[in-house]
Every structure is written in C-alpha cells, then in structure tokens.
Amino acid sequence: MAGFYLCEMQILDGKAAAQSIKDALKLDVAQLASNGKEVPHLVAILVGNNGASETYVAAKVKACEEVGFKSTLIRFESTISAFRLLETIRELNTDPDVDGILVQLPLPAHISSEEIINAIDPSKDVDGFHPVTVGRLVLGQPTFIPATPYGIQLMLAHYKIETSGRHAVVIGRSNIVGRPMSILLSAAGPQGNATVTICHSQTKNLKEICLSADIIIAALGRPGFVTADMVKEGAVVIDVGITRVDDPGRKRGYRISGDVNFDDVATKAGFLTPVPGGVGPMTIAALLKNTFHACALKHYD
Ligand code: NAP
C-alpha cells in the first residue's frame, strides 16, 4: 500500500521542524556572542562503545556545532569505575564554563545510572532526568523537560496540532519518554490539557483504547507494533520507536524501525511522523533548547 493513502495524511517532518528551531537558536547564539557573552557549552559523556550510543552522541555534538554552541565529548572505557565517573561529574558541576551535562545511556551494568544521574547538578541537567528536574515537571514548575517529550511538544506546536480536550494515548511508561510525555499532555497549558491514557505491557484492550485516541504516542520499542486497525480515522500518530532490525540487504546490516507500521497506519492517520526523520531530530533540537536555556539562566543570575 506504500504511497496510496485513503485520507489526506500529513507527514510531520521532524527534520524540517528541527531545522527551524536550530535556525532560531543560531541567531540567539550569535546575539549572545555579539554581546560579548559566553555561548552555551554542552558536555557529553560516553562510556564504552555501544554503536547506537556512538551515533546519538555524534549527532548531538554535530548539532551543537551547527548552532554555534561549544561542545565537549568525554569518552571513557566501559571498565571505568562509578567513582571515577562521579568525580568527573562533580568537576563539571562546578566548572562555570559548562552549561549542560549529559551522560549517554545505557551505562555498563556495573554502574548505576540512577547514582550517576543523581550526581548531576539540576541546573545543568539538560537531559531532564534528575529527580529534582522530574519533580518540578510533575508540579508544573519551570524546569528542563526531558528531550524526547519536549521534542514532541515542539513538533505539536510547530504543526499547530490541538491537544486541548483531546484524548491522547501514550504507549510506554518509561521515565525518559512515556511517563513525562503523559504528564506534559495532561498539564494545563499549550500542548497540554489533553485527557491522557498511559498504557504499558500489562494494559488490557490496548487496541480498543488506541481506537478511541485522537493522538497516539507510541514509545514501546516494538518495531511496527501500531497498525491501522488500532488507529481512528484522522488521528495524530507520533512514532518514538528506534530499533535496529537486522537487514542483510543493507550495507550496515540493519535498518532503523519505528513502533508504527508506517505504510499501514498512513491509510488511517491524519498526521504521522516518519522514522527516521520524525521524533529523532526533534529530540536533538529540544536538547539544544535546554542547553541554551541553562546558559541563559547563568547570564541572568
Ligand atoms: P523502555 O524503557 O524499554 O520502555 C518501554 C515501555 O513500553 C515500557 O513501559 C513497557 O511496559 C512498554 N511496552 C513494552 N511492550 C509493550 C506492549 N507490547 N504493549 C504495551 N506497552 C509495552 O523504552 P524507552 O526508553 O521509553 O524507549 C521506547 C522506544 O523509543 C525505543 O525504541 C527507544 O529506542 C525509542 N527512543 C527514541 C528516542 C528518540 O529520540 N526518537 C528517544 C528515546 C527513546 P512495562 O513498563 O510494563 O515494561
């Protein structure tokens, strides 16, 4: 069915939306520089050499360069001790030249991600994972919003998609995507005011719940999980999934698959994000916005 869609489906182009955010940030950074102020500085920490993590960190560093931020990539062997990693984070916390700190997850099994994230100064927590940051988000206080849900909010705003009074179904309840996404969509305010159902692996009647959704956010990590028979005519479908699926036909031996069966769902959805080129670029744009914000707060201190 590729290319033949019954209703007028609009693709939510994350690359284009992210580019417009980056263009605006570039101007803001140039303005800071012309006022003699320091430009934002993001430090990314990468432990080990997980292929997907390498790709994500490289994209983040490249995006920083694109908008005129300073960026530093600190790499450690997978055998690094938690103590050494914590020491590095403490140094970065007190370094006035550093605005944002991100630790690329997952970390090796011998290191507790929780302990590492908890060590990051909340004022530099541009990934939005620290308990203080999450607490503020839940309470509706100004804070760093985790990059992926923030990126989805920015995408909804860019395409002027109404969320108020609509039924949003979030599939997945992780701390980095599903849970914060459900909080944002249900909060009072722009890209909020939705009636939200959050689903997970123990949810019964998922198909029926999805069929009543005006907006579906699929964040479960199961390639092609959401199919047309789960989608109401004209619904907004946001695909967060990124899974490497073996594909011997490709040079690199795999392809990236989302959680939505794109060609199938395109026959029903009103708006749909592609993978790649949907939520991924928006996540990076959101991270940049958080880092700019961290830097701006420092200037206004
Ligand atoms: P995660 O921590 O593995 O969480 C997956 C969630 O999906 C869990 O809450 C799980 O339920 C639920 N789930 C699993 N199977 C299900 C099923 N059959 N029916 C209903 N719910 C089910 O994953 P994550 O970190 O949130 O990431 C989700 C996906 O998004 C992954 O593919 C990841 O690579 C991708 N991702 C993309 C971006 C981006 O920038 N585009 C950023 C982050 C993540 P339980 O809680 O009951 O186990």
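General remarks:
- Hydrodynamic estimate: the Kirkwood radius of the range 169-269 over Cα pairs, inserted into Stokes-Einstein at 4 °C and 1.567 mPa s, corresponds to D of 92 µm²/s.
- Residues of the range 119-139 with amide N under 16 Å of the 7 Å Cα→Cβ point at Ser112: 119-120, 130-132
- For Met230, Met9, Met282, order by how many other beta-carbon atoms lie within 10 Å, fewest first: Met9, Met230, Met282
- Two-site FRET efficiency, Glu162 against Tyr254, from Cβ-Cβ distance with R₀ of 41 Å, rounded to 0.05: 0.65
- In a fully extended conformation the segment linking Asn205 and Ala59 would gain 48.8 nm over its present Cα-Cα distance, using 0.36 nm per residue.
- Calculated FRET value between Asp263 and Thr94, using beta carbons and R₀ = 41 Å, to 0.05: 0.20
- Distance from the alpha carbon centroid of the range 205-273 to that of the range 103-167 works out to 23 angstrom.
- In the range 151-284, Cα pairs under 8 Å separated by at least six residues give a relative contact order of 23 percent.
- Between the amide H of His130 and any residue lying 5 or more places away or on another chain, no distance stays under 5 Å, with hydrogens modeled in the peptide plane.
- Solution diffusion estimate, µm²/s, Stokes-Einstein, the chain, Kirkwood Rh from C-alpha pairs, 10 °C, viscosity 1.306 mPa s: 79
- Among the listed pairs Lys22/Lys298; Lys62/Lys204; Lys251/Lys289; Lys37/Lys160; Lys26/Lys207, those beyond 32 Å (Cα-Cα): Lys62/Lys204; Lys251/Lys289; Lys37/Lys160; Lys26/Lys207
- Couplings 3J(HN,Hα) for the range 234-247, derived from phi with the Karplus relation 6.51 cos²θ - 1.76 cosθ + 1.60 (θ = phi - 60°), are x, 5, 8, 10, 10, 9, 8, x, 9, 10, 7, 10, 3, 8 Hz, where x marks Gly and Pro.
- Under the Karplus curve 6.51 cos²θ - 1.76 cosθ + 1.60, θ = phi - 60°, whole-Hz ³J(HN,Hα) for the range 27-36, x wherever Gly or Pro sits: 5, 5, 5, 4, 5, 4, 4, 6, 8, x
- Residue-wise HN-Hα coupling along the range 287-293, computed from phi with Karplus coefficients 6.51, -1.76, 1.60 (Hz; x: Gly, Pro): 4, 4, 4, 4, 5, 4, 4
- Pair Asp229, Arg84: separation of 7 Å Cα→Cβ label points (nm): 5.3
- Working value for the range 40-83: equivalent-ellipsoid semi-axes of 22, 13, 5 Å, each the square root of 5 times a Cα gyration tensor eigenvalue, largest first.
- Peptides 270-280, 251-261, ordered by how many other C-beta atoms sit within 10 Å of their residues on average, highest first, read 270-280, 251-261.
- Taking the chain and dividing mean pair separation by its residue count, relative contact order in percent (alpha carbons under 8 Å, at least six apart): 22
- Packing rank of 190-197, 26-33, 202-209, 236-243, where each peptide gets the mean count of other beta carbons within 10 Å, highest leading: 236-243, 190-197, 26-33, 202-209
- Of the GluC sites (Glu not before Pro) found in the range 88-195, those that fall in a DSSP loop while having at most 15 other beta-carbon atoms within 10 Å are Glu162.
- With a Förster radius of 25 Å applied to the beta-carbon distance between Asp121 and Ala296, the computed FRET efficiency rounds to 0.95.
- Modelled spin labels at Ala188 and Asp23, positioned 7 Å past Cα toward Cβ, are 3.6 nm from each other.
- Reduced Cα scattering model of the range 1-141, Debye log10 I(q)/I(0), q = 0.10, 0.17, 0.20, 0.21 Å⁻¹: -0.45, -1.04, -1.26, -1.33
Read-outs throughout are calculated quantities, based only on the coordinates presented, and are distinct from any laboratory measurement. Since we're looking at a predicted model, the values are computed, not measured. Counting neighbours? That spans all protein chains shown, and the Cβs are built from the backbone with ideal geometry, glycine included.
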